[in-house]
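Colleague: Just dropping this structure here.
Nothing in this text is a laboratory measurement; each read-out follows from the coordinates by a stated rule. Just so it is clear, the structure is predicted and the values come from calculations on it, not from any experiment. Cβ sites come from the backbone with ideal geometry, for glycine too, and all protein chains shown count toward neighbours.
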Amino acid sequence: MIGLAWAGLVLIIIAWIIQIFSLSKGKKELLSSFVGLEVIGIILLVVSDFLANAALSILGMLNVLSLIGAIIALVLLTKKTK
């Protein structure tokens, strides 16, 4: 269970590294790879919280809210690129 949380956090950190690297090259757009890794990382955090508590804690619910935001951003990004 804790392994899932670690994996989720590592994915989120990798996503930020990719996004910051892109921004340092002068690109001003949000990368779909950033948002995709964020979504996967947050899902792992939510699953980890659910498995650890047999229900979602307040932290888990907040992660669900951030997941919804990330999914909305991903949908908007994919619509923009089409």
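Colleague: Scan the range 45-64 and give yes if some residue there is crowded, with 16+ Cβ neighbours inside 10 Å, assigned to a helix (DSSP H, G or I) and out of contact with any helix residue (DSSP H, G or I) (no Cβ under 7 Å at 6 or more places or on another chain), otherwise no.
Modeller: So far as the range 45-64 goes, no, none of its residues is crowded, with 16+ Cβ neighbours inside 10 Å, assigned to a helix (DSSP H, G or I) and out of contact with any helix residue (DSSP H, G or I) (no Cβ under 7 Å at 6 or more places or on another chain).
Colleague: Can you find even one residue in the range 6-26 that is in contact with a helix residue (DSSP H, G or I) (Cβ under 9 Å, 6 or more places away or on another chain) and outside any helix (DSSP H, G or I)?
Modeller: Scanning the range 6-26 turns up no residue that is in contact with a helix residue (DSSP H, G or I) (Cβ under 9 Å, 6 or more places away or on another chain) and outside any helix (DSSP H, G or I).
Colleague: Please enumerate the residues belonging to the range 49-78 that are of a type in the set (S, T, N, Q) and free of Cβ contacts under 8 Å to residues at least 40 places away in the same chain.
Modeller: Answer for the range 49-78, where residues must be of a type in the set (S, T, N, Q) and free of Cβ contacts under 8 Å to residues at least 40 places away in the same chain: 53, 57, 63, 66.
Colleague: Of the conditions (1) more than 13 Å from the chain's Cα centre (by Cα); (2) small (Gly, Ala, Ser); (3) crowded, with 16+ Cβ neighbours inside 10 Å, residue 26 clears all except one; give me its number.
Modeller: (3)
Colleague: Something else about it: For the range 29-38, enumerate the residues that are surrounded by fewer than 20 Cβ atoms within 10 Å (Cβ to Cβ) and of a type in the set (A, V, I, L, M, F, W, C).
Modeller: The answer is 30, 31.
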